[in-house]
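Remarks on the structure that follows.
The values are calculated or read from the model by the stated rules, or taken from the named source; none is laboratory data. All of these numbers come straight from a predicted model, not from anything done at the bench. We place every Cβ from the backbone using ideal geometry, glycine too, and count neighbours over all the protein chains shown.
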Amino acid sequence: MAKKNAKGSGTIRKKTVTRNGKQYTYWEARITTGRDPGTGRQIQRSFTGPTQKAVREKMQAAAVAVNTGTYTTPQRMTVGEWLDIWQRDYLGSLKPCTVRTYKGAVENHVKPALGAVKLVELHPHMVQGFINGLELAPSSVRLVYQVLHTALEKAVRLDYIPKNPTYNCELPRRDREEIHPLDDQQVARLMEAAKGTKLENLISVALFTGMRQSELLGLTWDAVDFDSSTINVNKQLSRAEHRQRSGLFVSTKSGKIRTITAAPLVMRFLRAQRRRQIEMQLKAGPVWDNPFGLVFTMPDGRPMDQRNVDYHFRRITAAAGLEGVRFHDTRHTYAVNAIRAGDDIKTVQGNLGHATAAFTLDRYAHFTEAMQKDSAARMESFAKAVLNL
């Protein structure tokens, strides 16, 4: 009597078929997902792919679901059931804030509209109708779409559906974010208003490096090289509400480390911050708590909270007559000033940590166009002076 496979077990084999006189080779995996309650026969699911590794990954994912009791037959699974599985099992590598954003999009928009639809019966026109019915800003619509697309792409890779129904969906035009860099006079007013406050050096470094607030708050002294005037941006401070899960630090937004060659005045701001921190440590005495060597801290050495920084930043901007200016505007200010100073786009992109130079150029296109016009006007004036026109 042949031995019956246990639930969750499977096999992989190489297969060759001949079609129209030509041989094709592929791999097939079979897994036992349960038994038919009526006949007692095994229920098996098969996966195919071009390589043994590809089908093994699909089979192993299904086996885990079977053994943990979370496996659902694809033909019966609803979009909502798949989204629950996807959120629970496939978002572990993302940052907590990204997971929260994804879950918000799923629970507030996707599941209420599409959750009851069978996964295999979700078609492109249904997705398009869902997108068209979202009463959100274009950027928010695109975010919801991206979340649904990513979840369904995983379902395709696991062979739950043959193709992703979100492809070729028409999306609203992307809103161009309005950028408000500070001009020279505003920078001077901001720095003057920040003098003597606990954010003085933080704001100054932000204005002349373009580092994100979370990167500055996660900056440690071992990442600052005073001899070479460089700052190694290798992490950022996680938000207080996420630290229990992710720890004190998370990777940079791009996941990549970058090195900024800072201007001499930035090093002066950092030296001033180091002197200030030594004073705070002496004053705090035994309660000083800065085991990671953070550059910017509370008076007792603890990490600064982003919301607290924003609160004090708003007070400083109000004192400077710059109501409405955000901390993130210091980053835009750096970018525009770097371009004005003649830095090439590739250098600016690297310092900001953007994915591509094209993204940087697109983000600051309005300012680069204005600078090109100014350059053309200066060249015209120069030519007239030289040629006596």
* Asked: Across region 327-371, what is the total count of residues that are in contact (Cβ under 8 Å) with a residue 60 or more places away in the chain and of a type in the set (Asp, Glu)?
  -> 1
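Just need a number here: residues in region 137-192 that are hydroxyl-bearing (Ser, Thr, Tyr), surrounded by 15 or more Cβ atoms within 10 Å (Cβ to Cβ) and closer than 28 Å to Thr48 by Cβ.
So the count comes out to 3.
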* Asked: Restricting the first residue to region 95-111 and requiring it to be farther than 25 Å from Gly133 by Cβ, which pairs with a second residue that is in a helix (DSSP H, G or I) and of a type in the set (Lys, Arg) meet a Cβ separation below 6 Å and a spacing of at least six or different chains?
  -> Pro96/Arg245
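Is it the case, given these coordinates, that Tyr160 is more than 30 Å from Phe313 (Cβ to Cβ), aromatic (Phe, Trp, Tyr) and in contact (Cβ under 8 Å) with a residue 60 or more places away in the chain?
Yes: the conditions hold for Tyr160.
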* Tell me, please, whether a residue that is under 23 Å from Leu94 (Cα atoms), among the aromatic types (Phe, Trp, Tyr) and part of a helix (DSSP H, G or I) can be found in region 141-153. => yes
* Asked: Residues of region 172-218 being under 29 Å from the mean Cα position of the chain (by Cα), over 20 Å from Leu270 (Cβ atoms) and of a type in the set (A, V, I, L, M, F, W, C), which ones?
  -> Ile179, Leu182
* Structure fact -> Residue hits (region 219-248; surrounded by 15 or more Cβ atoms within 10 Å (Cβ to Cβ) and in contact with a helix residue (DSSP H, G or I) (Cβ under 7 Å, 6 or more places away or on another chain)) are Val224, Ser229, Ile231, Asn232, Val233, Asn234, Gln236, Leu237, Ser238, Arg239, His242, Ser246
* Structure fact -> Taking region 111-125 and keeping residues assigned to a loop (DSSP other than H, G, I, E, B) and either at pLDDT below 90 or farther than 14 Å from Ala151 by Cα (or both) leaves Ala116, Val117, His123
* Asked: So which residues in region 219-246 are over 17 Å from the mean Cα position of the chain (by Cα), over 16 Å from Thr297 (Cα atoms) and in a loop (DSSP other than H, G, I, E, B)?
  -> Phe226, Asp227, Ser228, Ser229
* **helices (runs of 4 or more DSSP H) wholly inside region 261-350 that include at least 3 residues being touching a strand residue (DSSP E or B) at 6+ places or on another chain (Cβ under 6 Å)** => none
* Given (1) under 20 Å from Cys97 (Cβ atoms); (2) surrounded by 13 or more Cβ atoms within 10 Å (Cβ to Cβ); (3) touching a residue at least 40 places away in the same chain (Cβ under 8 Å), number of the condition Lys256 does not satisfy -> (2)
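Quick grid of which residues meet (1) at pLDDT 90 or above; (2) touching a Lys or Arg at 6+ places or on another chain (Cβ under 9 Å):
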{"site": "Val295", "(1), (2)": "yes, yes"}
{"site": "Asn308", "(1), (2)": "yes, no"}
{"site": "Val348", "(1), (2)": "yes, no"}
{"site": "Leu389", "(1), (2)": "no, no"}
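Residue by residue, here is whether (1) of a type in the set (A, V, I, L, M); (2) not assigned by TED's automatic domain parsing to the domain that holds Ile278 holds:
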residue: Val309; (1), (2): yes, no
residue: Ala318; (1), (2): yes, no
residue: Glu323; (1), (2): no, no
residue: Ile345; (1), (2): yes, no
residue: Phe367; (1), (2): no, yes
